[in-house]
Amino acid sequence: MLAYIWQYFYSSFLRFCLKWLLRQLTGRCELQRICSGCAPGSVRTTRVEYSLKNSKNKVLRDAVNMKVDVVKDCVAQIMREKNIMEQKDLVFKVSLQQCLLQINGYNTLFASVENLRKEAFDSENQQHEEMLLKLWDLLMPSVTLESRVTKQWGSIGFQGDDPKTDFRGMGVLGLVNLLFFSEHYTDAARRVLSHANHPKLGYSYAIVGINLTEMAYSLLRTGALKRHFYNMVTGEPQLHHFHQFYCYLVYEFDQFWMEEEPDSIMDFNHYREKFHEKVKGHLLEPEVALVLNVDPNN
């Protein structure tokens, strides 16, 4: 209760008094102080985001929910609202623009990922079918697929004779993630598949991969990936940045699974949650940058 009262008092009154006092002492508004006092990355961008969201000025509050193509105009409007002369603070305009691209780009990225998740796999869609068959060719280059519907799909971790049923939860996003990993890190993907086919420690490669798509999606949706992307991408994050994070999850989960040596695949949920908590812990670090440290394909 005391913590709640303090938070309310601080956010409703004390914070604004401190901001006013610091502006009188330094001649700079809070945004200027953040941009000049913090290096590019998650610390600066998260502080800018917090300042904008909690501003009494509607122009500033709206700055965290806009299309990236109007960011430049928004920066100019903020500078007018705060009476900031560009020639007196040459760094501010560039710094704030970069922060707003990261903040609003994150929102745009989630919308793009959500669209893929909502797109159901359609066996009548030629592009969907081509992606699925390409996934097989990348993972099993020496084995010819006998037919489109076959038990062979179990070799790469699908549950039934037709993989389309396994994409129901994550839609096309699950397939796109699996294919991205196989295309860009083919050797690593084949190593992970070989581990998944281990006689004792094996697991369903594709099913686990789709499960990790859900993990990546959930982390993105809740905002847990903000620090990672604010550190990794200097401007607007793109879909391939999300896919790269997925690749990190798949590879690291495989290493984690093999090191833990579970007694049975029936323990998957326990170890999945343990890995999830480990990743969330990393994502709380200010300088977090979760990168897959293996050589990509040429």
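Could you tell me what percent of the accessible area of the chain is made up of carbon and sulfur, with a 1.4 Å probe and every protein chain present?
52 percent
If one computes the Cα centroid of segment 109-143 and of segment 35-108, what distance in Å separates the two points?
37 Å
Quick check on packing: order 283-294, 172-183 by the mean number of other C-beta atoms within 10 Å, highest mean leading.
172-183, 283-294
I'd like the orientation of helix 126-139 relative to the chain: the angle between its Cα long axis and the longest Cα principal axis, in ° from 0 to 90, rounded to 10.
It works out to around 70 degrees.
Say the cut-off is 24 Å between C-alpha atoms; which of Lys164/Lys200; Lys67/Lys93; Lys56/Lys280; Lys53/Lys226; Lys118/Lys274; Lys200/Lys274 go over it?
The answer is Lys164/Lys200; Lys56/Lys280; Lys118/Lys274.
Could you please report the charge total around Val233, scoring K, R as +1 and D, E as -1 over all other residues with beta-carbon less than 12 angstrom from its beta-carbon?
Its environment carries a net charge of +1.
Given an 8 Å cut-off on Cα distances and at least 6 residues of separation, report the relative contact order of the chain as a percent.
Worked out over the chain, it gives 19 percent.
Here are several values of percent of Cα pairs over 29 Å apart: (i) 46; (ii) 60; (iii) 39. Which one was derived from the coordinates shown?
Evaluating percent of Cα pairs over 29 Å apart on these atoms matches (i).
How many nm separate the modelled label positions at Lys53 and Glu130, each set 7 Å beyond the Cα in the direction of the Cβ?
For Lys53 paired with Glu130, the spin-label model returns 4.1 nm.
For the pair Arg191 and Thr234, what calculated FRET efficiency results from E = 1/(1 + (r/R0)^6), where r is the Cβ-Cβ distance and R0 = 35 Å, to the nearest 0.05?
Computed FRET efficiency for Thr234 and Arg191: 0.65.
Given R₀ = 45 Å, what would the calculated FRET efficiency be for Asp162 paired with Val70, taking r from the Cβ atoms and rounding to 0.05?
The calculated FRET efficiency here is 0.50.
The values are calculated or read from the model by the stated rules, or taken from the named source; none is laboratory data. Predicted model, so just to flag it, every value in this text is computed and none were measured. With ideal geometry, Cβ positions are generated from the backbone for all residues, glycine too; neighbour counts draw on all protein chains shown. The protein model used for the area step is the full one, side chains on, heavy atoms only, and it has no ligands, DNA or RNA in it. Shrake-Rupley method; radii C 1.70, N 1.55, O 1.52, S 1.80 Å.
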